[in-house]
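Participant: The structure follows.
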Amino acid sequence: MNNTHGLMPETSHDERSRLAFIVDLKGLLDIGASAANAELLAERVMPKVAGQDDKTLLQRARSEMARQVPYQHWMTLMRSAQEMMWHAVGNCVDRQYEDLEARAEGLAADRAVRTVPDFTVPPYLTAVDTHLMPGSYYTQRSDTDIRQGAVFDLAAAIYHRGRNGNELNDIRGHTIVSHLWERFPELEPENLLELGCTVGHSTVAVARYFADAELHAVDIGLPVLRYAQARARSLGVDIHFAQENAETLSYPDESFDVVYSSVMLHETSNSALPNIMAECHRVLRPGGVVIHLEVPVRYAEMPLADQLRADYETYYNNEPFWRGACTADLVGALRTAGFVDVAEGYQQAVTAASRDSHGFSSERGPVYRCWYIVSGRKP
Ligand SMILES: C[S@@+](CC[C@H](N)C(=O)[O-])C[C@H]1O[C@@H](n2cnc3c(N)ncnc32)[C@H](O)[C@@H]1O
């Protein structure tokens, strides 16, 4: 199978060189600096903040770290590298935009993204440009615009640095199916729904395992959905994409056998979480399965240095609900919504799902080697 698709924006020699620089810089800042930050925390910051009230330890450590010059340099470079990435990717997409839009229209001319009347993007997604992506997931200049989809797709290929399935970015999709088969092997879904699909990175992977089933996928952003529709077509997969809010879905009760999301919850909000869980329950048939995959970042299980690293996303990378989602009681949220057999843990990341998988456990591993999953069944 090819590890790219027919709609991926092309890159010139100079663009590749610029993007490679950004990838290396991000790698250096992510991996190279984490040991230095941990040392700074242990040697200079902990002596000042330890021994006081534990409940505010993280907050005090973060304030004290922010006073340290090496940490200031790290934060500045982190933010600059992220902004540089969006800028470089945006320029690359813009210089070939007309061609990309024409290709997208050609690929998906016979299937439009479904919309619901009077749709409103939820406030937690309009309040900031999520992860500093200018225009976020929903900004469009025309009713055929796909720019934000193309930008997100190319940026994701860089941001993950090859660790999520290269240009297809589909490892999370394979991992969700692996989880489904491991925990609910008896289920033969006839239709599935993905919440927060963006450009369909996980959706296409899931669809390929269930060729006889119908796959629906929703997001709030029309330009990412239009791009997703054409991208899926270029990969030979037919998916029903719709602009919907996961908190207030328009699907009738008991429409699906499986409802899942992949790294969506951390881009919602505290008040959205129970609404989303309740909607998952409503649209599932009795016996149906819900799966939410998230980043393997659970503050309660992490050392302080890792919690600080995670806080960077919340405070400086326009991911305001990162910490909220990573500290929320997601098991409790699913039970409150009416689910049973609820379990949480870490699913080993796979490039292909297998029915013999034994990759779900309570043991947290590094990001990209595993994903946090909470799942359950509607009685
Ligand atoms: C990080 S992206 C998910 C990527 C994708 N699921 C994957 O696995 O590659 C999060 C997506 O969730 C969407 N989202 C957030 N809140 C939503 C909501 N209430 N309803 C529908 N989509 C939502 C965002 O618009 C964004 O496209």
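The values are calculated or read from the model by the stated rules, or taken from the named source; none is laboratory data. Treat the numbers as computed from the prediction; the structure is a model and nothing was measured. Please note: Cβ atoms are built from the backbone with ideal geometry, for glycine as well, and neighbour counts cover all protein chains shown. Accessible surface is based on the protein model in full, side chains and every heavy atom, while ligands, DNA and RNA are left aside. Shrake-Rupley method; radii C 1.70, N 1.55, O 1.52, S 1.80 Å.
Participant: Which ones in segment 159-202 are free of Cβ contacts under 8 Å to residues at least 12 places away in the same chain and either open to solvent by less than 10 Å² (accessible area, probe 1.4 Å) or within 30 Å of TYR97 (Cα to Cα) (or both)?
Facilitator: GLY162 - this is the single residue of segment 159-202 that is free of Cβ contacts under 8 Å to residues at least 12 places away in the same chain and either open to solvent by less than 10 Å² (accessible area, probe 1.4 Å) or within 30 Å of TYR97 (Cα to Cα) (or both).
Participant: Quick test of your reading of the structure: GLU363 fulfils all but one of (1) acidic (Asp, Glu); (2) out of contact with any Lys or Arg (no Cβ under 7 Å at 6 or more places or on another chain); (3) open to solvent by less than 70 Å² (accessible area, probe 1.4 Å). Name the failing condition by number.
Facilitator: GLU363 satisfies all of (1) acidic (Asp, Glu); (2) out of contact with any Lys or Arg (no Cβ under 7 Å at 6 or more places or on another chain); (3) open to solvent by less than 70 Å² (accessible area, probe 1.4 Å) except (3).
Participant: I'd like the full set of residues that are open to solvent by less than 40 Å² (accessible area, probe 1.4 Å), part of a loop (DSSP other than H, G, I, E, B) and hydrophobic (A, V, I, L, M, F, W, C), limited to segment 95-127.
Facilitator: ALA108, VAL113, VAL116, VAL121
Participant: Right, another one. What number of residues within segment 282-312 satisfy the criterion of being away from the ligand (no atom under 16 Å from the Cβ) and farther than 30 Å from LEU57 by Cβ?
Facilitator: Looking only at that region, the number is 6.
Participant: Just need a number here: residues in segment 74-132 that are within 16 Å of the ligand (Cβ to nearest atom), of a type outside the set (Asp, Glu) and under 30 Å from LEU40 (Cβ atoms).
Facilitator: Of the residues in segment 74-132, 7 are within 16 Å of the ligand (Cβ to nearest atom), of a type outside the set (Asp, Glu) and under 30 Å from LEU40 (Cβ atoms).
Participant: Continuing with this model, one more query. Has segment 239-256 got at least one residue that is among the hydroxyl-bearing types (Ser, Thr, Tyr) and closer than 23 Å to TRP181 by Cα?
Facilitator: Among the residues of segment 239-256, at least one is among the hydroxyl-bearing types (Ser, Thr, Tyr) and closer than 23 Å to TRP181 by Cα, which makes the answer yes.
Participant: Go through ALA156, ALA207 for me and flag whichever is within 17 Å of the chain's Cα centre (by Cα) and either open to solvent by less than 30 Å² (accessible area, probe 1.4 Å) or near the ligand (Cβ under 10 Å from one of its atoms) (or both).
Facilitator: So the residue among ALA156, ALA207 that is within 17 Å of the chain's Cα centre (by Cα) and either open to solvent by less than 30 Å² (accessible area, probe 1.4 Å) or near the ligand (Cβ under 10 Å from one of its atoms) (or both) is ALA156.
Participant: Also, I was wondering about something else. Please pick out the residue among VAL263, VAL295, VAL259 that is touching a Leu at 6+ places or on another chain (Cβ under 8 Å), under 24 Å from GLU319 (Cβ atoms) and surrounded by fewer than 21 Cβ atoms within 10 Å (Cβ to Cβ).
Facilitator: Every option except VAL263 fails the conditions.
Participant: Could you list, in sequence order, the residues of segment 136-153 that are away from the ligand (no atom under 12 Å from the Cβ), open to solvent by 10 Å² or more (accessible area, probe 1.4 Å) and either assigned to a helix (DSSP H, G or I) or at positive phi (or both)?
Facilitator: ARG147
Every residue, every condition in (1) open to solvent by 70 Å² or more (accessible area, probe 1.4 Å); (2) β-branched (Val, Ile, Thr); (3) within 24 Å of ALA81 (Cβ to Cβ); (4) out of contact with any helix residue (DSSP H, G or I) (no Cβ under 8 Å at 6 or more places or on another chain), yes or no:
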| position | (1), (2), (3), (4) |
| --- | --- |
| PHE21 | yes, no, yes, yes |
| LYS26 | no, no, yes, no |
| ILE31 | yes, yes, yes, yes |
| LEU41 | no, no, yes, no |
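Participant: While we're here: Being among the small types (Gly, Ala, Ser), part of a helix (DSSP H, G or I), modelled with pLDDT under 95 and open to solvent by 30 Å² or more (accessible area, probe 1.4 Å), is that true of even one residue in segment 69-83?
Facilitator: Scanning segment 69-83 turns up no residue that is among the small types (Gly, Ala, Ser), part of a helix (DSSP H, G or I), modelled with pLDDT under 95 and open to solvent by 30 Å² or more (accessible area, probe 1.4 Å).
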